[in-house]
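Derivation of every value follows stated rules applied to the coordinates shown; laboratory data play no part. Nothing here was measured: the structure is a model prediction, and the numbers come from that model. Ideal geometry is used to build each Cβ from the backbone, glycine not excepted, and the neighbour counts take in all protein chains shown.
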Amino acid sequence: MHDSPPTDGSAAHAQWAPDHSADSPSGEKAVFTIGELAREFGVTLRALRFYENKGLLAPQRDGLNRLYSQRDRDRLALILKGKKLGFTLGEIQQMVAAEEGAAAESATLNLSREKCLEQIALLERQKTELEEGLAELLRIYALLAGKPLERTGW
């Protein structure tokens, strides 16, 4: 799999965006601390600082405190969704940058059909490898225990 998204412009795009259910009802820009975002998204403080270091998040500073905007929150949601779908941070960064160039206020990622198919194929290969590895470990465990292992969901 290559790191650059298709640039021919011929591919149709599917958009996905973060959930805005936590937006401020008054329409004001919400501000979040590093701890609030870490708890909300189940990530470490170190992960948030890492994303900042990579240029994916840009919190404001109030002394030693980091203050994240709604835009940072939306970007974090996109980063985590991209990671869940198996994209690298470099690929996520390119998709975010391309989308922000197209629509500065949009918090969506454009995924080409080609990119989706590539990722589906990669994840299917990984799934097959995991299933094969799991089957082999279960076989070895059963041999070591001297009896077949009954899987009940652990």
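One chain, two ends: residue 62 and residue 84. Fully extended at 0.36 nm per residue, the span grows by 4.8 nm beyond their Cα-Cα distance. Please give me the summed charge of the neighbours of residue 83: other residues whose Cβ is under 14 Å from its Cβ, Lys and Arg +1, Asp and Glu -1. Neighbourhood net charge equals +3.
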